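The values are calculated or read from the model by the stated rules, or taken from the named source; none is laboratory data. Quick caveat: nothing in here was measured; it's all calculated off a predicted structure. When we count neighbours, we look across all protein chains shown, and the Cβ atoms used for this are built from the backbone with ideal geometry, even at glycine.
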Amino acid sequence: MQILADHAAGLFIWASTATAFIRQHYNPVKQPDILMASDLHQKGFSLDHLYATVLHAARKWDSDTFTEDFCDIFGVTILGRIPFMDVMMDMVLGLK
């Protein structure tokens, strides 16, 4: 826990994201190992590198279906003029 706190370097959003990453996984005991195995400690604890680690661990990026859905969802999230609830986004993109 102290190592993760040190990685957060006082950034609440870093700690919050790391905590969510750990807690939302079906095996939360292994999740800190993923964060510690990444090169976050070599890159100044940046949020960009934390998010990249979380996204990389989230799914298999070699799946065309997953990457297409991710790009669609990310595009709607970034370009949308209003925040979308997940149900609304599913309806707009025709996702289950």
Fill in: Evaluation of L4 against (1) exposed (fewer than 11 other Cβ atoms within 10 Å of the Cβ); (2) part of a helix (DSSP H, G or I) (one fails), failing number
(1)
Worksheet item: Among (1) of a type in the set (D, E, K, R); (2) part of a loop (DSSP other than H, G, I, E, B); (3) surrounded by 12 or more Cβ atoms within 10 Å (Cβ to Cβ), which single condition is K60 missing?
Response: (3)
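Residues checked against (1) in the same structural domain as Q24 (by TED's automatic domain parsing); (2) more than 18 Å from A8 (Cα to Cα); (3) outside any helix (DSSP H, G or I); (4) at pLDDT 75 or above:
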site: H41; (1), (2), (3), (4): yes, no, no, no
site: G44; (1), (2), (3), (4): yes, no, yes, no
site: Y51; (1), (2), (3), (4): yes, no, no, yes
site: V54; (1), (2), (3), (4): yes, no, no, yes
site: E68; (1), (2), (3), (4): no, yes, no, yes
site: C71; (1), (2), (3), (4): no, yes, no, yes
site: G75; (1), (2), (3), (4): no, yes, no, yes
site: I78; (1), (2), (3), (4): no, yes, no, yes
Practice prompt. Can you tell me which residue among D33, D48 is under 13 Å from the mean Cα position of the chain (by Cα) and loosely packed, with under 11 Cβ neighbours inside 10 Å?
Written response: D48
